[in-house]
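Notes to accompany the following structure.
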Amino acid sequence: MTDYAYSPELPWGCWMRIATGVGGVTVIDQHGRTWESLRHAFWAGRLRMSTSSPRVMNEQLELMLAAFASKRHGIVSTDERAHSVFGGDHVFMRFWWYWMYAEGLVEGGFRRDPLDADLSAEGVAVLRMLAVTRPVELNAVPVGRAAVEFLGTPGALDECDRAKFEAAEASARLLPLVIVRETAFGTAGISLLHRDPNDVIPVARTIWHIRFPDAQLRDRLFLWMADRSDRWTAWGELVLREGAPALTQHLMTLLFADRSERQPTEAPRPAGPLAIGHDGGAGRP
């Protein structure tokens with residue numbers, strides 16, 4: 001729980017700063033701590049939860065969004081099953097709301113049951129933040145039980161339903177800066193589209209594009225980029241400011257850093273012409 005003066009009219013985290021650098025976009029909170037995104041700042045910084053599994057984080061934050069939306073109507077549109085987001089598990093539901101009360105996200109008051117409590121000012125601010133930072137693959141999925149179940153399915157982000165995958169892209173294409181999968185001249189690729197609302201006819205134009213030898217490789221990178229949809233605007237502004245090669249170099253840096261962080265510790269390999277192998281060649285990792 002915190003004594004910060006939250007405004008229920010503004011999203012949680014609106015007081016934080018955004019910094020850009022070689023490693024990408026960083027969120028800096030009021031204590032000077034840095035986070036990958038507002039969702040990370042709330043999940044790990046505010047709730048003190050582990051970020052070891054992005055799937056668990058997004059699943060639980062989607063559950064929180066649906067549960068909070070069922071208490072405070074008029075802020076987020078929900079599906080008809082938002083009220084049953086806990087799936088009939090009343091033991092878990094009671095514990096969960098008592099946890100929210102302990103965190104100060106609902107107001108129970110003296111001798112009031114947290115199950116009947118309303119959202120606190122911070123709780124409403126959290127609701128607004130979660131609504132605008134949902135994973136891009138949920139663009140076409142309404143807030144509620146279906147979205148929670150989708151994110152809670154192991155491998156959902158790696159082997160997601162093709163119809164939902166493509167529907168989310170169709171919805172996202174209306175954004176000013178969006179990354180989409182495309183097939184141009186028979187070649188699979190990913191494009192960054194820019195739509196300027198000040199144009200006489202605000203059509204989307206391609207400002208960055210990368211090609212792939214097959215659709216499977218293309219989709220794997222697209223899922224990686226979709227998991228970082230909160231950075232698309234910054235990536236697009238980088239292209240508009242410095243050109244397409246700047247984004248390519250930036251993404252290569254991010255991918256290399258992400259791979260290096262996940263690599264297990266290995267014994268040093270001898271340097272030489274075979275240190276980086278080719279298909280079928282010696283030294284291939």
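Matching residues to (1) open to solvent by 60 Å² or more (accessible area, probe 1.4 Å); (2) modelled with pLDDT of 70 or more; (3) touching a Gly at 6+ places or on another chain (Cβ under 9 Å):
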position: ALA102; (1), (2), (3): yes, yes, no
position: VAL148; (1), (2), (3): no, yes, yes
position: ARG173; (1), (2), (3): yes, no, no
position: THR187; (1), (2), (3): no, yes, no
Being touching a helix residue (DSSP H, G or I) at 6+ places or on another chain (Cβ under 8 Å) and over 15 Å from ILE179 (Cβ atoms) is the filter here, so list the residues in region 238-253 that pass it.
ALA246
Residue in region 225-234 that is of a type in the set (S, T, N, Q), farther than 21 Å from ALA188 by Cα and exposed (fewer than 14 other Cβ atoms within 10 Å of the Cβ) present
no
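For region 104-131, which residues satisfy the criterion of being out of contact with any Gly (no Cβ under 7 Å at 6 or more places or on another chain), part of a helix (DSSP H, G or I), over 13 Å from PHE42 (Cα atoms) and not hydrophobic (A, V, I, L, M, F, W, C)?
To start, the set of residues in region 104-131 that are out of contact with any Gly (no Cβ under 7 Å at 6 or more places or on another chain) comprises 104, 107-113, 115-116, 118-119, 121, 123-128, 130-131.
Still in the running and part of a helix (DSSP H, G or I): 115-116, 121, 123-128, 130-131.
Cutting the leftovers down to over 13 Å from PHE42 (Cα atoms) gives us 115-116, 121, 124, 131.
Hit for region 104-131 is ASP116, nothing else.
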Of all residues being modelled with pLDDT of 80 or more and in a strand (DSSP E or B) in region 1-28, which is farthest from LEU127 (Cα to Cα)? Just the residue, please.
ALA19
Identify all residues within region 53-93 that are in a loop (DSSP other than H, G, I, E, B) and either open to solvent by less than 40 Å² (accessible area, probe 1.4 Å) or at pLDDT 90 or above (or both); write none if there are none.
SER53, VAL76, ASP79, VAL85, PHE86
Determine whether THR34 is over 20 Å from SER229 (Cβ atoms) and either at pLDDT below 90 or within 19 Å of the chain's Cα centre (by Cα) (or both).
no
Which of the following residues is of a type in the set (Lys, Arg) and at pLDDT below 75: ARG128, ARG162?
ARG162
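The values are calculated or read from the model by the stated rules, or taken from the named source; none is laboratory data. Model, not experiment: these values are computed from the prediction. Methodologically, a virtual Cβ is constructed for each residue, glycine included, from the backbone with ideal geometry; neighbour enumeration extends over all protein chains shown. SASA here: full protein model, heavy atoms, side chains in, ligands and nucleic acids out. Shrake-Rupley method; radii C 1.70, N 1.55, O 1.52, S 1.80 Å.
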